[in-house]
Each structure stands twice: as C-alpha cells, then as structure tokens.
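Below is one structure, written out as structure tokens; comments come after it.
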Protein chains: 2
Amino acid sequence: MTETTREDTGALTGAQARARFRTGERTTTIGWADRYAQANLISVPRAAAYDLLLFAQRNPQACPLLDVSEPGGHTTVLAEGADLRTDLPSYYVWRNGELADEVRDATPYWREDLVTFLIGCSLTFERALMEAGVPVRHIEEGVTDPMFTTARRCRPAGRISGPLVVSMRPLPPHLVSTAVRITARYPNVHGAPVHVGDPAALGIADVRRPDFGDAVTVGGDVPAFWACGVTTQAAVVASKLDFAISHVPGYMFITDVPDSAYAL
Amino acid sequence: MTETTREDTGALTGAQARARFRTGERTTTIGWADRYAQANLISVPRAAAYDLLLFAQRNPQACPLLDVSEPGGHTTVLAEGADLRTDLPSYYVWRNGELADEVRDATPYWREDLVTFLIGCSLTFERALMEAGVPVRHIEEGVTDPMFTTARRCRPAGRISGPLVVSMRPLPPHLVSTAVRITARYPNVHGAPVHVGDPAALGIADVRRPDFGDAVTVGGDVPAFWACGVTTQAAVVASKLDFAISHVPGYMFITDVPDSAYAL
C-alpha cells in the first residue's frame, strides 16, 4: 500500500509516523514505529462521556484507558505535539450508531463537546511476542490483525452496552504458554488472552472470516483471542450513540510511549 | 479495642466481618478477614462523579477503581449482599471540603444521586508480604498503617485536584527488593512503592507523625511509601467538594474477593 518497506516504517518514531499520516498517507499502522505503543481512539459528546468512562472501568480488559482528553481537546499526554484530529491515517464518523463517513482528517467533524478516549492496543505487545519467538501471523502475512465480534456481552454502563470484540492470533501449541506469559505482563494493552481455542464458544462461526481487519492463515495452530479496543465501536453501534468519531480498525494512533513502558 | 484476638478476626470471611460492622462494631479493619481484599470508599454526588472518575483514571496508582455504583446504589459486585451504607465500621461525612460528621451508619446521609467508588487498598497485599518474610510493622504493633499527605500533586480532573497521600511501611534494607517485587504484582491495590527512602523528598517532615492512622517504629529500616486511596479524601478537602461520604482511614470495606485475585 505504501512505497516504503516494512523495515523503513518500523524504524520510525511515533512523531515521524504521525507526521506522515497528518499529511494524508492512508495505511494500516501494522508494523509502523514498532518500538512505540499504538492506541485506539474514540471521541464522544460530553453527555455520553461519563457512561463511556464507566463502561471502560467496568470492562478494563477490553477498554484499558491510556488517556482521556478535556472536552473539545485534541492533544494528549501520550504524544507531544500530536493533533488527535489529523494524526491517525483514517477515521470513522458515526451517527446514531451507524457509520456515516470515513475521512483522513477529522477536523471538520470535531466538536467543542467531544471527549476523546485513547485505549490500549494489543499491537503494543507484538514486538515482545516476536522477540520471544512467538510468530505473529498477520505481520508475517502483511495484513491487519483479524478481529471478531463475540457473543460475550460487556458489563453495561448507563446507556452504553455491547458485545466484546476480540483480536485473534493463531499460536503453535507449544508457544501458547509463552504467549500468555508475555502478554499478561501488558495489562494496559489488553493483557493475556480472554480465550484460547474453540472459536464457537465465543460465538465465532469461522475464524477465517473476521468482522474487522483481515483473514490470516490458521492451519494447525490454536486460535487465541485477546480483548480488543474496537469493543468501543461495537458499543457505539449497539447503543445507537448519536455521534462519535473513532479510528478505523488497524489504523491506529501511534504514541511517543515506548511499548516497554506498558510492561510490568 | 475488641474482645476478640487478632487470630479470630483474621480468620473471618468478608461477609462475617461485614455483619459485625453492620451491627455497630467500630474497629480498624487491620488484620480482619485477612484472606479478603479491603477497599477504600468514597461517595460523591452524580454532578461530581465524572470528574472523580476521570481523576481516578488519571491517577491510577493512587485510585485503582475496583467498582463504581449506580447513582443512589448501595450494593457492589465485590461483595454479595453487602450494604455500602452500613457495612463499614465507620464513615466520615464531608461538607464543602470539611469534615462534618463521623458515623457508624451512613444511611441517614445517603442520597439518591450518590455515586460510590470502591478503590483498592494496600492492606490487600500485606498477607503476601508477610508470607514472603517481609515484616509489616503496623500489624506487628497492632495499629493502623501510618499515612501521609505528600507535596506531590495528583493530575487534576475538572474541579477535582489534590495531593498524593501515601501509606508507609518501614522495610529492612535487605527486603526492599522483595517488597517491591511482591507488591508490583498487585497493581489494582496500589502496586509497587511510589518512593523508597528520604521522606523529605515527598515533603514529609517526620515519618513518626502521620497525618492519618498511627505512628509505627521505623528504627534502622527504610521507609517505603505506597500510593493510598485516602488520596480521594484529600481531594475532597482540596477541591472543597460540596458533599461526600468516605470510609475512615484504616476502617475499610471488606470485600468477598480473595486477596490473591488481585495478584498478577
């Protein structure tokens, strides 16, 4: 999708990656600035922000909060000089729980009452997985991680409710323990898997057909499922929220915080 | 203070301890129901609840949220059948940031708009410390842990701001590493110390004169400081909140959740 190789983009700093997206480059952030934590973004009107904050508190594995802005704010303590309206490669705009638009610059949609939540992303622990010898299939295959809406309900908060969304990584059976052990050290970016094996038990009919992101080869591996920040987008839909702006799954906000800062 | 020995009260379940407090027994909960997590309680009007929720998100080491009630609610997922208005041994009532009353039953002060926050408490990891051979001085001396208001400011949220409050445990120098390692495994009950040694660097003039709780013998040990949930009470004062109800420092809410459930 871009003319650069994965190696080039992986070596960027968060600030360098954000500058590229700010000037309009549209690409998934998989493998970009791979020493820096990535984050989910969801902006909602102040009138819905208490419920979303409580929803995050009640579903911390899916919605680990890394930062919450002031109303109308578009800066964050996670990235100096960042503009949350422009520094992601793509945004969804939601109205009444339905997708209304996809834009590369959210500035025209920004509102004075929007509170922006930045939520941990499991891409943050993938470098640690690979360094421990755990293959990450979607990186090997150059695609976005597959994500699924499950039959498991989140604990609701006020008007906000919805299903748990998970990301899936196929694991060689002898590396399941290693992957659990490593990712458990990263509770703020979803931590250990919520489920290992048997997709049907999560209400997932076919692990080859994700609801978001791309399909990856599973083969003889065990599908392992991590709670995913896209859970907040599923909640926007399920709760028919009047207005929201979010990242596009796989097109994340890249922070200045080193991945390792989220490891215990 | 009570006719029972520490051994008797330590063996109680959370429900048994709560029943004793519900019928009016007033005692610190130090050493009570020692297999079960204890929690700080702070109830504020719904109008201040968003700011307090955000304050907790922005100061997670001081304010790790274990549960947040519905407005007017007095139950919690942490303890079946518990009544948050009566099941603590003592409550403070706050008006305009000043202490207005201390009561054994908060029912007369409960309001339909009160949102109650239950916040992790470092008493939860003390059994793990002792099992690892780390002495816990205030338990040895049969008193409440010493707590101090520091010169370190919390990150504010809306109208809520205030200083960090810490609890102090003197550690033999050769056990500092063990205590850090063990408590780091309990991030939801304040985790590792925020500071080890030199009280003056935290703005604490004399470790023998705590602001809350009781003094303990320090001797040749190193004072270690953990973030403390009483930070929320200091914020009520500093922010001159119009109304709040809290636990009395050291007189905690005892849950049904085993201490070990909060260990990573």
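Read-outs throughout are calculated quantities, based only on the coordinates presented, and are distinct from any laboratory measurement. Predicted model, so just to flag it, every value in this text is computed and none were measured. All Cβ positions, even for glycine, are placed from backbone atoms using ideal geometry, and neighbour counts span all protein chains on display.
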Averaged over B:161-169, how many beta carbons belonging to a partner chain fall within 10 Å of each residue's beta carbon? 0
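Relative contact order for the range A:1-119 using alpha-carbon pairs under 8 Å, separation at least 6, rounded to a whole percent? Working shown, then result.
Numbers: 171 pairs, mean separation 38.3, N = 119.
Relative contact order comes out at 32 percent.
Which of A:V237, A:V134 has the fewest other C-beta atoms within 10 Å, and how do the rest follow up to the most?
Details: A:V237 17, A:V134 20.
With the fewest neighbours first, A:V237, A:V134 line up as A:V237, A:V134.
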Let me check against my output: what whole-number percent is the relative contact order of the range B:136-231, with C-alpha pairs under 8 Å and at least 6 apart? 39 percent
Net charge near A:F148 (other residues with Cβ under 9 Å of its Cβ; Lys, Arg +1; Asp, Glu -1) is 0
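Out of the range A:1-71, which GluC sites (Glu not before Pro) are coil in DSSP terms and have no more than 10 other C-beta atoms within 10 Å?
Values: sites: A:E3, A:E7, A:E25; in loops: A:E3, A:E25.
Listed in order of number, the matching sites are A:E3.
Within 10 Å, Cβ to Cβ, of A:R127, how many net charges do the neighbouring residues add up to if Lys/Arg are +1 and Asp/Glu are -1? It would help to have the intermediate numbers written out before the result.
Details: positive: A:R35; negative: A:D34, A:E126, A:E131, A:D259.
So the surrounding residues net to -3.
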To one decimal in nm, how far is B:A261 from the same spot in the other copies, if labels go 7 Å from Cα toward Cβ? Please give the shortest first. 3.2
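May I ask for the equivalent-ellipsoid semi-axes of the protein assembly as shown, computed as the square root of five times each C-alpha gyration tensor eigenvalue and listed largest first in whole Å? Numbers along the way, then the final one.
Numbers: eigenvalues 337, 130, 100 Å².
With the √(5λ) rule applied to the protein assembly as shown, the semi-axes are 41, 25, 22 Å.
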Rg to Rh ratio, the range A:117-209, alpha-carbon atoms and Kirkwood radius? 0.97
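Compute the signed sum of charges (Lys and Arg +1, Asp and Glu -1) over the other residues within less than 10 Å, Cβ to Cβ, of B:A79. Mind dumping the intermediate values first?
Details: positive: B:R18; negative: B:D67, B:E80, B:D83, B:D87, B:D256.
Computed value for this residue: -4.
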Choose one answer from B:M147, B:M130, B:M168: the residue with the largest mean-square fluctuation in a GNM of chain B with alpha-carbon springs under 10 Å. B:M130
Taking Cα centroids, how far is the range A:216-264 from the range B:69-93 in Å? 34 Å
How far apart are the B:R208 label points across copies, placing each 7 Å from Cα toward Cβ, in nm, shortest first? 7.6
Sites matching trypsin sites (Lys or Arg not before Pro) across the range A:169-254 that sit in DSSP coil, with at most 13 neighbouring C-beta atoms within 10 Å: A:R208, A:K240
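Fewest first, what order do A:E141, A:E131 take by the number of other Cβ atoms within 10 Å? Don't skip to the answer; put the middle values down first.
Numbers: A:E141 12, A:E131 9.
Starting with the residue having the fewest Cβ neighbours, the order is A:E131, A:E141.
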Quick one: B:D105, A:D113, B:D198, fewest Cβ neighbours within 10 Å first, how do they rank? B:D198, A:D113, B:D105
Express the relative contact order of chain B as a whole percentage, based on alpha carbon pairs under 8 Å and six or more residues apart in sequence. 30 percent
Can you list, shortest first in nanometers, how far A:R153 lies from the same residue in the other copies, with each label 7 Å from Cα toward Cβ? 4.4
For the range A:129-142, in order, what is each residue's ³J(HN,Hα) by Karplus, 6.51 cos²θ - 1.76 cosθ + 1.60 with θ = phi - 60°, in whole Hz (x at glycine and Pro)? 4, 5, 5, 8, x, 8, x, 10, 4, 5, 6, 4, 9, x
